[in-house]
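What follows is one structure encoded as structure tokens, with my remarks underneath.
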Amino acid sequence: MGMNFLIDEGDGALICSESLAGERFRLSLERIRMMAAEDCVDPACVPFFRYAAEWILILLDQRRMLEDGSFDTVPLEELQEKNRALYEDILPDHYQNSWANPGYAISRTGGELGPVLAALMMELRSMISLVYEGDAERFLIRMELLLEVYFAFVTAYREKKEDADPAKRDADGAFGNRSGQAEGMPPAGHIREKIRQFLEDYAADETLVRVQRSLVGGSLPERIIGEWYTPGDERCLYRYGAYVSDNERGVFSYLESLDEETVCRMADTWTEGFRIGFEVTGKDLSIRRRAGILYPVGFERVVRRTVRNLKKIGLESVIPGMQGNLFTQHLGRGGGGFSTTPANPQYGYDHREDLALFFNDVLRSRRMQALQQAYAELEDETALYAGPLVMETFGEKPFSPVMHEGYARFSGSQQKKIARCRQEADLLYDQAVIGRQRSFTIIAFPIPEITTGYEDGDLKASFDEIFHAVIDINTLDYMTYRHVQAKIIDVLDTAQSIHVLGRGDNRTDLTVRLQTPQDPARQTIFENCVADVNIPVGEVFTTPELSGTEGLLHVTRVYLNGLLFEDLAVRFENGRIADYSCGGFPTAEEGRKYIEDNILFHHETLPMGECAIGTNTTACAESQRLGILERLPILIAEKTGPHFAVGDTCYSHEEENSVFNPDGKEIFAKENEYSLLRDTEPEKAYFGCHTDITIPYEEVGLLAAVRPDGSEIPVIRDGRFVLEGTQFLNRPFE
């Protein structure tokens, strides 16, 4: 794997850099060109294969531009047009008639075959990254997959009975019966098997590339610092092959306008948070050699400074490329290194479970074997990985997905198996990077889209004002918060439980049982969280005792992982989710399915892994003043009220590390009944997910510490901090 493209001096065609693969490439490309012009398959499928062939040719034309150097000389407008051409068919205005849309594919070829062809088109779309990374062999195997599927259709059409019923078709050749299939098409199971075999055959090669690029690295950091980036020139945005929208262009232009001190402040906060994360947990950063950088396209100026900062503390940077394909779907940690605004969020939502079409026990086993082999082969290198520095963006217009029947979805048995796969993958990752000795940090900034899509008068600020406000939020004085949060922890350490009541339309009535320290004089229940791994500052958190944690957690409206949940209600029994619902759907069952897919992640239940009190009232008040509260990412939103996470604890895979608060007390409550099984039954210890659900201050009627004698000490009442010594936190609301 990993051979490069070359231009053949004979006819100018692109080939592979090795002779045998080069001949395969040449023959495949010749057949692809024929496919684009012929009609040897069922008429309903001719458009699919012609489009797929033309897609390959478009990609190779863009690679040729990179090979011959014309990328650096063509007008910027042409680069923009070529970038748009890569995403044209999945943009909202064209998606209804795209073969990448499962619904459209179903309407043309039937309910069995349609989702399979749409999934194949999604896999072909992943070839964009291969073109821009110059990975000719991985490009080639996908061309060969397309041709293998094509020949199956050619064969089926040749064998079509002469007396096929013409009434099965409408005037333009579309197949009318969504549940059936024309005689001139191969069985859907036959095509599924070809793609499944492809996923099995190349699992080892693809997984090795994924792990290597995620944890060991390549040349991308040097390219960003050197050849790609020129101050003021947005041409570098198109070097990735990723979708470039007004957000990426806008934030790049905005950052270029900032003074160097502000840019340094952003990068230094990010890298210093990463360094402090090792310091406060007593981990030795000096034994690590690399750190990952996961960032949004458009922030290159900040990333350059970040790469240099990491070098100063002895770390090389690892920036993975785009990795979204069927091989990586539902495979745990180790994703792509850069991101952009989705060309169409609905497209991603529609394809989120495409793997269900091909997933069986054999493929499951092959994926896990491939992951084990990759980590074993790279064992000496992955142990040098210090962890990722993650930059997120926020501000996109709220997205509420449309749910469709007939699209690829995991069955009940598949859901259990894929959840188990994610758990196993996370355990393998943790062993490979020696998770107890690594760390991470996360920070978030807005994108220009945050100023659009509001009702008149809701938005109260410009992008410049919003951006600078977020910089200020990310760099608040953590010493001040550390002192105030210590007062809250002193009271919570005397409590047996926490009682939370909603107010107004919020129906929360929840009791969270706290763990009991073995040595209260030197141990504490809650961690005093300042701005290190989790920027910005502002929360105290603990791992609850599951037994005795009971009641209803309710939020009237919240965004989780970019998805809107209205009237979200989660009921706990013995610390585990016992029931759940949300509004915004025609039926209650659809709301439950939405939660199962996007909060439970196909687990039958999840425990409450975290109980926390966010204290960053500045972030809350500023967001309210600016009118952007609903668009905050979880990273900031969780600091703007009490929040409760379902899934793994905050100390997942790091339970045995000693963690201390600034006052010297050791954190006692780091694990629960599940994580205690990590040595004896590791498959039951972790869930591979952690979702924070925040109750906004204005929806909190009471949050009180309940002592063993039943007496209550209010910490928050009617959305304001009332504990002595914490009134400082209410000032931003004034």
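Summary of computed values
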| read-out | value |
| --- | --- |
| Net charge of Cβ neighbours under 13 Å - reference Met368; Lys, Arg +1; Asp, Glu -1 | +1 |
| Degrees, to the nearest 10: 188-201 long Cα axis against longest axis of the chain | 70 degrees |
| Distance (nanometres) between label positions extended 7 Å along Cα→Cβ at Asp663 and Thr452 | 4.9 nm |
| Among 672-684, 596-608, the order from most to least packed when residues are scored by Cβ within 10 Å on average | 596-608, 672-684 |
| Rounded Å value of the spacing that divides the Cα centres of the stretch 436-451 and the stretch 103-151 | 32 Å |
| The stretch 630-703 - percent of accessible surface contributed by carbon and sulfur, probe 1.4 Å | 52 percent |
| Linear extension gain, Asp61 paired with Asp233, 0.36 nm per residue minus alpha-carbon span | 59.6 nm |
| Cα-centred dipole magnitude for the stretch 528-593, charges only on beta-carbon of K, R (+1) and D, E (-1), debye, nearest 20 | 120 debye |
| Between helix 114-125 and the chain: long-axis angle, C-alpha atoms, 0 to 90°, nearest 10 | 80 degrees |
| Per-residue SASA entry for Tyr349, accessible area with 1.4 Å probe, Å² rounded to 10 | 10 Å² |
| Zone of Asp246's modelled label, taken as backbone nitrogen in the stretch 624-654 under 15 Å from a point 7 Å along Cα→Cβ | none |
| Net charge dipole size for the chain [Lys, Arg +1 and Asp, Glu -1 on Cβ; Debye, nearest 20] | 740 debye |
| Average Cα contact separation per residue, the stretch 199-314, under 8 Å, 6 or more apart, as relative contact order % | 32 percent |
| Packing-based order for 380-389, 288-297, using average beta carbon neighbours within 10 Å, highest first | 288-297, 380-389 |
| His190 versus Gln727: modelled label distance in nm, points set 7 Å from Cα along the beta carbon direction | 8.0 nm |
| The chain: calculated mean residue ellipticity at 222 nm from DSSP helix runs of at least 4, using -39500 (n - 2.57) | -12000 deg cm²/dmol |
| Stretchable slack from Glu261 to Asp477, in nm (0.36 nm times residue separation minus alpha-carbon distance) | 76.0 nm |
| Mean Cα-pair separation over length for the chain, i.e. relative contact order, pairs under 8 Å, 6 or more apart, % | 11 percent |
| Degrees, to the nearest 10: 136-158 long Cα axis against longest axis of the chain | 60 degrees |
| Average accessible surface area per residue within the chain, 1.4 Å rolling probe, Å² | 39 Å² |
| Rounded percent of accessible protein surface that carbon and sulfur make up, the stretch 375-495, 1.4 Å probe | 49 percent |
| Span from the the stretch 592-637 Cα centroid across to the the stretch 660-734 one, whole angstrom | 14 Å |
| Sorted peptide list for 635-645, 414-424, criterion being average Cβ within 10 angstrom, highest first | 635-645, 414-424 |
| Identified option (computed semi-axes √(5λ) of the Cα gyration tensor in Å; candidates (1) 52, 32, 26; (2) 46, 29, 25; (3) 70, 35, 22) | (2) |
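The values are calculated or read from the model by the stated rules, or taken from the named source; none is laboratory data. Since we're looking at a predicted model, the values are computed, not measured. Ideal geometry is used to build each Cβ from the backbone, glycine not excepted, and the neighbour counts take in all protein chains shown. Accessible surface is based on the protein model in full, side chains and every heavy atom, while ligands, DNA and RNA are left aside. Shrake-Rupley method; radii C 1.70, N 1.55, O 1.52, S 1.80 Å.
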